[in-house]
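None of the figures in this text is laboratory data; all of them are computed from the coordinates on show. Note that this is a predicted model, so its numbers are computed, not measured. Methodologically, a virtual Cβ is constructed for each residue, glycine included, from the backbone with ideal geometry; neighbour enumeration extends over all protein chains shown.
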Amino acid sequence: MRRRRWTAITVLTAAGALGPPGAAQAATGPPLTVPRAELDRSLHCTPGVDHARREPVLLVPGTTQNPDEFDWNYAPELRSQQIPFCSVRLPDRAMTDVQTSAEHVVHALRTMRARSGREVDVIGHSQGGVVPRWALKFWPDTRDDVDDLVGLAPSNHGTVVADGLCATGCAPSIWQQRTNSDFLAALNAGAETYPGISYTQVASRTDEIVAPNAGEDASSFLHTGRGRIANVQTQSICPLGVADHITTGTSDPVAHAAVQDAISHPGPADPARLAPCRALFMPGVNPADFPGGLARIAGTAAGQIALHPKTPAEPPLRPYARAASPAPEKQR
């Protein structure tokens, strides 16, 4: 679907550098440091991924979660549509250094492309929308492996909630999701997007975790680079919608409509094609399963935040990322 002309008014393109500023590394990026066996164990795929008839989907969970956060929503919906998919289990429930988690995504993208013979559509929730961006930035070969990157409430520009959580120490990945972290400065330096990839970023102004997440400057939204971008505020489709952080990534029908539109059309999602809200839940969610699924995710998140060992400072940038310059002002 990638290289067809896209003219929807919602798509933003802006000039920007095509790679990490000042980087002088091979087209494949730095060597992976995580053992191959560990990378292999982190990827789980449905049988249809091999020699796939359509682009497979990679599901990337958020901070504190494993792929089971998708077991009662996106996984059954993808199966019902006969869309092959994989999920990646990020180390330590995505609480560790995001630079390590990104290696798992790099391996997942390369593996899925090789097995399927097709580009990959990536759907990530929260931090799960950010980790693939780090992979695409510093492992340039993966850009040819991705058609769509859909972020559901991604913490692309950090959150003031992490600023507060880290006042007395926090987990490595939470340090990296602060609004002024070195990690995000490196991630967002230069171009935020890359040509040939469609980026759909979904945000809810009632998100209580990734904040602030309203208006054109919402943390989740992307603005620079030569990728095709659609920034979708759920309330622009459903004005009375009150999706929070968890439901944006797991059950919200507007967020799902944006996902479905992105992966089934050339280019990113087009809000003009999204119908006004008419349901409480996305397809694939059994209303009877919703309370339990939501409670498990919320309980896991609360437990991980409270009990995970805290570190006193943000993990240092890896050598390959240190050349990234401070992010420029957003281009509109």
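Here are a few things to note about the model shown:
- Simple Cβ-charge dipole of the chain, Lys/Arg +1 and Asp/Glu -1, about Cα centre, in debye nearest 20: 760 debye
- Rounded if a/c under 1.5, otherwise prolate or oblate - region 32-88, Cα gyration tensor axes: oblate
- Only Lys, Arg, Asp and Glu carry charge here, each on its Cβ (+1 for the first two, -1 for the last two); on that basis region 39-97 has a dipole of about 180 debye about its Cα centre.
- The residue list V254, C86, A27 was ranked by how far each Cα lies along the charge dipole of the chain toward its positive end, using unit charges on Cβ atoms, and A27 comes out on top.
- Label-point separation, D71 to D50 (7 Å along Cα→Cβ), nm: 2.5 nm
- Residues S155, S198 in ascending order of nearby Cβ atoms (within 10 Å, fewest first): S198, S155.
- Global geometry of region 37-321, whether rounded, prolate or oblate, following the gyration tensor of its Cα atoms and the 1.5 cut on a/c: rounded
- Taking the chain as a Gaussian network of alpha-carbon nodes connected by springs under 10 Å, the highest mean-square fluctuation of the residues P239, P309, P35 belongs to P35.
- Relative contact order of region 37-321, pairs being alpha-carbon contacts under 8 Å that are 6 or more residues apart, as %: 19 percent
- Dipole of the chain computed with +1 at Lys/Arg Cβ and -1 at Asp/Glu Cβ about the Cα centre; of G267, F221, T159, farthest Cα towards the positive end is G267.
- Antiparallel DSSP beta bridges within region 37-321, as percent of all bridges there, nearest 5: 15 percent
- For peptides 217-228, 43-54, 100-111, sequence by mean Cβ density within 10 Å, most packed first: 100-111, 217-228, 43-54
- Each of R322, R143 was scored by other Cβ atoms within 10 Å of its Cβ. Listed from fewest to most, they are R322, R143.
- Rounded to the nearest whole angstrom, the semi-axes of the ellipsoid equivalent to region 182-277, taken from the Cα gyration tensor as √(5λ), stand at 22, 18, 10, largest first.
- Nearest-0.05 FRET efficiency for R36 and A302, computed from C-beta distance (R0 45 Å): 0.85
- Global form of region 62-158, assessed from the alpha-carbon gyration tensor, a/c cut-off 1.5: oblate
- Over the residues of the chain, the helix contribution to mean residue ellipticity at 222 nm works out to -9000 deg cm²/dmol, using -39500 (n - 2.57) for each DSSP H run of at least 4.
- Ranking Y194, P287, V57 by Cα position along the charge dipole of the chain, where only Lys, Arg, Asp and Glu carry charges on their C-beta atoms, puts Y194 farthest toward the positive end.
- Using the Cβ-Cβ distance between L280 and A167 with R0 set to 45 Å, the FRET efficiency from 1/(1 + (r/R0)^6) comes to roughly 0.75.
- Cβ-based exposure ranking for W139, W134, in which fewest neighbours within 10 Å come first: W134, W139
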